[in-house]
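All of the numbers you see were taken from the coordinates with simple rules; none came from a lab. Keep in mind the model is a prediction, meaning the values are calculated, not measured. All Cβ positions, even for glycine, are placed from backbone atoms using ideal geometry, and neighbour counts span all protein chains on display.
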Amino acid sequence: MTDQQSIISIKNVSKRFGGVVTAVDDVSLEIPEGEFFALLGPSGCGKTTLLRMLAGFEIPSDGTITIDGEDMAGVDPNRRPVNMVFQSYAVFPHMKVSDNVAYGLKVTGVAKAEIAERVEEALGLVQLDGFGNRDPDQLSGGQRQRVALARALVKRPRVLLLDEPLSALDAKLREAMQLELVRLQQTVGITFIIVTHDQDEALSMADRVAVMEVGKVRQVAPPAELYEYPSSRFVADFIGKMNLFEAQVIASRDGVLEVEISGLGRFDLPHKGEASGDIGVAIRPEKLRLSVERPAQPCICFPAVLDNVAYHGSESHMYFTTESGTQLTATVQNDSRAKARVEAGERMWASWVPGDTLILAE
């Protein structure tokens, strides 16, 4: 998808507040037309400020933003080919659903007949056919969010900006709305840019994700690549759960690194790139294996004591400590009712396949 023509080009954009706080720091991004793109990161990383600069609510301190081939410098928010859906929905409580959706068209002078047609079309897109005469207080949280989406889509923007649009919903409804947003984006075919701090939300919806930290973009990649091949300790730790170790490269030869992993010992790890000195070594909890007997196949293995088991329905999280005192987590699928239970305090062997190891130079 990244070989398509960019509808949004962000070049060396920074935003400083009061000349002291740098909220966005030299960010450059190219976003193709028709992509579902996510800005992901912890609170205060600059993702919402970047979205607000796209919308025109904030002005960049440095750099340029181009949307649909036009430099946005000096272009007011209401003249930009974008529309924004806010975290709070901002649905007008005193207006019927149809009037909420029609509001933006009315203030720009669109003819009544066209307004009625476009409102009906927008409500159909968000699966609210027949809801036009209802008051907002007659709707559920998910339905009010759909009204906000319809109001944004009715103006037929080239880009839809979504600022934490699902954070006010409960977990089950949030998951349903994630699927709904993906369906909607595929139906209308326009570019969606969502801001979220929820990694699962970003991974499940977006074609590509930009992970931000302290105003900088640390990595941009499709969800599977972010998860399986994070470029730094920060991205590895932020995307999903991760067991991280400090390590030192002892030798490098023919695609193999000999490393000393802190608290575990020396191991040979496959690695195609360059690495030297101090590095990070990581393994996902679902790649870790626990067994009573020492594994026979070639692997990285070490004795450990099980500290606790947390049951999560379809899976269990098993917390254990190595002989050196390193604390780790393994995720085990509860795929059988007859599976033998293990108890805290049991001595076990922890292991993983060398090829599942992540080498993190940053």
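Here are the numbers for this structure:
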{"quantity": "Candidate lysines - alpha carbon under 16 Å from LYS106, same-chain residues fewer than 8 apart omitted", "calculated": "LYS96, LYS155"}
{"quantity": "For the stretch 6-237, share of DSSP beta bridges that run antiparallel, in % to the nearest 5", "calculated": "55"}
{"quantity": "J(HN,Hα) series, the stretch 9-14, from Karplus relation 6.51 cos²θ - 1.76 cosθ + 1.60, nearest Hz, glycine and proline x", "calculated": "10, 10, 10, 6, 8, 10"}
{"quantity": "Fewest-first sequence of GLU175, GLU114 by Cβ atoms within 10 Å of each Cβ", "calculated": "GLU114, GLU175"}
{"quantity": "The stretch 1-129 - Kirkwood radius from inverse mean 1/r over Cα pairs (Å)", "calculated": "16.9"}
{"quantity": "The chain, helix-only ellipticity at 222 nm - DSSP H runs n ≥ 4, -39,500 (n - 2.57), divided by all residues, nearest 500", "calculated": "-7000 deg cm²/dmol"}
{"quantity": "Over the chain, relative contact order from alpha-carbon pairs under 8 Å, at least 6 apart, %", "calculated": "15"}
{"quantity": "Overall dimensions of the chain by Cα: Rg and Dmax, Å", "calculated": "24.7, 76"}
{"quantity": "Sorted by Cβ density within 10 Å, fewest first, the residues ILE250, ILE359", "calculated": "ILE250, ILE359"}
{"quantity": "Karplus (6.51, -1.76, 1.60) ³J(HN,Hα), θ = phi - 60°, over the stretch 212-222, in Hz, Gly and Pro reported as x", "calculated": "10, 8, 6, x, 10, 8, 8, 6, 10, 6, x"}
{"quantity": "With 10 Å bins from 0: P(r) over the stretch 241-360, alpha-carbon pairs, percent", "calculated": "13, 44, 30, 12, 2"}
{"quantity": "Average Cα contact separation per residue, the stretch 161-229, under 8 Å, 6 or more apart, as relative contact order %", "calculated": "26"}
{"quantity": "Whole-Å semi-axes of the stretch 164-227's equivalent ellipsoid (Cα gyration tensor)", "calculated": "20, 15, 11"}
{"quantity": "Ranked ILE283, ILE31, criterion: other C-beta atoms within 10 Å, fewest first", "calculated": "ILE283, ILE31"}
